[in-house]
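Trainee: One structure, as structure tokens, below. Some questions next.
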């Protein structure tokens, strides 16, 4: 049990949990002397108690952020490699935090007038903080009193660290284009998107701060979490507020690299919202539609069925549309009869000779026919969907003899639908375009019954 002095501060003991601003997990401190304890036989902490009782200590969050950034940037890919990367991140977190940082931590804010046990072993209260050379601040977590609460708080911190690393990894690999869509919305839609993203981000942050920091960590009643709610609602301004307070002396702590890191991260988040807002159709409407689709799938018990382009995205293959199919076959015939060798004639010759072709050669053959196909459609007044043509069974090198097969080719409504909807919905792996389609969603190559072409299709 804790004891509260006249000042209202609680004497710190070995039964209490502490959290680090640069850590993932709450931890109990290890007492270096055991000659002064509570009636429940927990020992009072003194200024020399800088190590924790847990093997993994507070688990430094920065190694996990780095690992998530590496994975998001595509530097390390593949299931096994990602598992190894995650294991190394966990091991590095524990080693960096407990094995290396503990001897260099320092308690501040204690009174030299109150010593327990040996000389100069000054006792600690909830007023005290411990600083870490990495830049973290360790403080008493009043509301965390059980292993389950500690696990919940750890899970929350881990999720935010992974999200942070993923955002930085995307930024590093693709710049701000990683946060952009492919649409060209009106100014009003862009403003609605930006407002929606801002309100959503701030609302999520406020809920997070109230639930996890106010209620869980600090042990407050819900009606006492006003400060946490305000902190969450001003999530993008908080780093700059903290810098101002420290610079003016309102906050006695010194400025450190993390203050400027989070200020930069805030700017990145704001820019990412801006890029997403100006390059996507109405985001709120899209989320609503996806939610409705998910609800219908759950209602009909079809959530885990194979995703079909015809069912999920209302697409039609070139083969299933007699007009398109006639144009596609005519395009292939035209390229065969140019009198000159081209990527498509080379492809057909290599296929007949069973020669292996690269992905670039296969795609070049397809694109040669595609250009002729669109040229014919334009000349004959046939309207085609505006987006790219999607290969339903891919990568091309897995099905080289079907690279120009209209049964597997689906014109899409837009580049956004192709890259940001179809690929993520059907892909097996973390990368939506480089990884293969999931076997679960792969369409059988010969499961087709199209209507035959007749002489009137191109009239």
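FYI, it's all coordinate maths here, none of it is from the lab. Computed from a predicted structure; not experimentally measured. A quick note on method: Cβ atoms are made from the backbone with ideal geometry, for glycine too, and the neighbour counts reach across all protein chains shown.
Trainee: Based on the Cα atoms of the chain, what semi-axes does the equivalent ellipsoid have, where each is the square root of 5 times one gyration tensor eigenvalue, given in whole Å with the largest first?
Mentor: 61, 23, 19
Trainee: Round to the nearest 0.05 the FRET efficiency obtained for residue 415 and residue 88 when R0 = 35 Å and r is the Cβ-Cβ distance.
Mentor: E(calc), rounded to 0.05, equals 0.40.
Trainee: How high is the relative contact order of the chain, given as a whole-number percent (alpha carbon pairs under 8 Å, six or more residues apart)?
Mentor: Reported as a whole number, the value is 12 percent.
Trainee: Roughly how far apart, in whole Å, are the Cα centres of the range 128-164 and the range 55-110?
Mentor: Comparing the Cα centres of the range 128-164 and the range 55-110, I get a distance of 14 Å.
Trainee: I've got another one for you. Across the range 139-209, how large is the tail of the calculated P(r) beyond 21 Å, expressed as a percent of all Cα pairs?
Mentor: Pairs farther apart than 21 Å: 51 percent.
Trainee: Hey, another quick one. For the range 180-303, treating each Cα as an identical point scatterer without solvent, what Debye log10 I(q)/I(0) comes out at q = 0.13, 0.14, 0.20 1/Å?
Mentor: -0.74, -0.82, -1.11
Trainee: Here's a follow-up. What are the semi-axes of the equivalent ellipsoid of the range 1-148, taken as the square roots of 5 times the eigenvalues of the Cα gyration tensor, listed largest first and rounded to whole Å?
Mentor: Largest first, the range 1-148 gives 34, 14, 13 Å.
Trainee: So between residue 100 and residue 230, what do we pick up on full extension, going 0.36 nm a residue minus the alpha carbon distance?
Mentor: 43.2 nm
Trainee: Tell me the angle of helix 359-379 to the major Cα principal axis of the chain, expressed in degrees between 0 and 90 and rounded to the nearest ten.
Mentor: It works out to around 60 degrees.
Trainee: Report, in degrees rounded to the nearest 10, the 0 to 90 angle that the Cα long axis of helix 257-278 makes with the longest principal axis of the chain.
Mentor: Orientation of helix 257-278: about 30 degrees from the principal axis.
Trainee: Can I ask one more? When every alpha-carbon pair in the range 309-426 is counted, what percent end up more than 23 Å apart?
Mentor: 29
Trainee: Given a Förster distance of 45 angstrom, what is the FRET efficiency for residue 375 paired with residue 176, based on the Cβ-Cβ distance and rounded to 0.05?
Mentor: After rounding, the FRET efficiency stands at 0.80.
Trainee: Another question, if that's okay. What order do you get for 228, 348 when you list them from fewest to most C-beta neighbours inside 10 Å?
Mentor: Placing the least packed residue first, the sequence is 348, 228.
Trainee: Mind running the shape call on the range 38-97? Use the C-alpha gyration tensor, a ≥ b ≥ c as the square roots of the eigenvalues: rounded below 1.5 for a/c, prolate if a/b tops b/c, oblate otherwise.
Mentor: prolate
Trainee: Given 0.36 nm per residue, what is the gain on full extension from residue 261 to residue 111 after removing their alpha carbon distance, in nm?
Mentor: So the chain would gain 50.7 nm between residue 261 and residue 111.
Trainee: So what is the calculated 222 nm ellipticity per residue for the chain, using -39500 (n - 2.57) for each DSSP H run with n of 4 or more, over all residues, to the nearest 500 deg cm²/dmol?
Mentor: -13500 deg cm²/dmol
Trainee: Which of 192, 389 has the fewest other C-beta atoms within 10 Å, and how do the rest follow up to the most?
Mentor: 192, 389
Trainee: Quick one: what Rg and Dmax do you get for the range 126-178 from the alpha carbons, in Å?
Mentor: Using the Cα atoms of the range 126-178, the pair Rg, Dmax is 16.0, 46 Å.
Trainee: On a full-extension model of 0.36 nm per residue, what is the gain between residue 202 and residue 337, subtracting their alpha-carbon distance, rounded to one decimal in nm?
Mentor: Taking 0.36 nm per residue and subtracting the Cα distance, the gain is 42.4 nm.
Trainee: A further question follows. Give me the angle, in degrees from 0 to 90, between the Cα long axis of helix 283-300 and the longest principal axis of the Cα atoms of the chain, rounded to the nearest 10.
Mentor: 80
Trainee: Right, here's the next one. Residue 35 versus residue 270, label points 7 Å from Cα toward the beta carbon: distance in nm?
Mentor: If labels sit at residue 35 and residue 270, their model points lie 5.6 nm apart.
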